[in-house]
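Input: a single structure, listed below in C-alpha cells.
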Ligand SMILES: [Zn+2]
C-alpha cells in the first residue's frame, strides 16, 4: 500500500509515483469542491497533471544529460515536493554537473517557448474566464487558457528550480561553478550552507504566508543538502587516504586509530577527521 507505483518505463528509466504524491491532487479537489463548479475543478485538475507532465519531462532532461556523460538513472520518482531523478552516481567533473543540472530547467524553457504562441492569440480569455465558467464557454477558449497557464507554469518551474539553493538545480549549478576553482568538497560546503539559508527562508516564508508545502519544501531541502554534504565528505576522505571499510559511523565523534585491511596500516582519527596514515602502530618510529 505504501510502495511507490511504477507507471511505466521510458528510455529505459522506470517512472514511479510515491504514495505521498496523491496528497496534492486530493488537496486540490477537496479545496475546490463545492466552492467552484465541478467543471472548473476538472480544469484545475487537468492543469495540475499538465504541470506534473512538465515536471517529469524536466527530470528526463536531467536523465538524458546524465546519460550523455555515461551516468545511468536508476529511476525517476514523483513526490509532493516535486520530481527526483536518482542518478547512479554524481558527475565526475564540474562541467558534467553543470550540464546535468541545467538540462532540467532547459526543458522547461523550451516548453514555455513552445507554448508561448498561445499568449499571442487574440481569443478573449484570461483569469476572468474561470469566473464566468458556463457562460460563453468554448472548447477552444478553454484550450487556449490551459496552454497559457501551462506556459506560465513552466516559467515558474524554471525560475524556482534555478534558485541557488543546493541541492536544487540552481544550487548545483553554483556548486559546479565553485568546484571549478576550489574543488568538490569546498564547493559543496559553501553551496550547502547557502542552501540551508535558502531552506530556512523558504520555511519561514511558508509559515508567514500559511503555505504548508513551502514549509515542507524548506525542511526537505535542508535535510537533502545535509545528506549530500555528508556523502561528499566521506568520499573526499576515501579519496585522500584510499581506505577500505573502517570509518566512524557518526561524524565528528571518533578519536583514535582504526585498522585499514586494504592498506595494511592504521588510520588516525581526530574528532571524526582522518588526519594521518601509519604503516605501523604510531608509538613506534616509522
Ligand atoms: Zn531539476
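Taking the C-alpha atoms only, the angle from helix 139-161 to the longest principal axis of the chain is near 20 degrees.
Here residue 156 and residue 10 are evaluated by their C-beta separation; at R0 = 22 Å the FRET efficiency comes out at 0.35.
Computed over the chain, relative contact order equals 11 percent, with contacts defined as Cα pairs under 8 Å that lie 6+ residues apart. Between helix 94-115 and the chain there is an angle of about 0 degrees, using the helix long axis and the longest principal axis of the Cα atoms.
Think of it as helices only: each DSSP H run of n ≥ 4 in the chain is worth -39500 (n - 2.57), and spread over all residues that comes to -19500 deg cm²/dmol at 222 nm. When DSSP beta bridges are restricted to pairs lying wholly in the stretch 1-161, around 75% turn out antiparallel.
Helix 38-68 and the longest principal axis of the C-alpha atoms of the chain enclose an angle of approximately 40°. Volume per residue of the convex hull around the Cα atoms, evaluated for the stretch 1-161, comes out as 127 Å³. In terms of its C-alpha gyration tensor, the stretch 1-46 comes out oblate, because a/c is 1.5 or above while a/b does not outweigh b/c.
May I ask for the Rg/Rh ratio of the stretch 131-233, computed from Cα atoms with Rh as the Kirkwood radius, given to two decimals?
Over the Cα atoms of the stretch 131-233, Rg/Rh equals 1.20.
Ordered by the count of other Cβ atoms within 10 Å of each Cβ, fewest first, 266, 68 give 68, 266.
Please work out the C-alpha center-to-center distance from the stretch 189-211 to the stretch 77-100 and express it in whole Å. Answer, in whole Å: 21. With the Cα gyration tensor of the chain giving a ≥ b ≥ c as the square roots of its eigenvalues, does the rule (a/c under 1.5 for rounded; else a/b larger than b/c for prolate; else oblate) give rounded, prolate or oblate? Judged from the Cα gyration tensor, the chain comes out prolate (a/c at least 1.5, a/b above b/c).
Here, each number is a calculation from the coordinates, and none is a lab measurement. If you're wondering where the values come from, they're calculated on a predicted model, not measured in any experiment. Because the Cβ atoms are built from the backbone with ideal geometry, glycine has one as well, and the counts that use them run over all protein chains shown.
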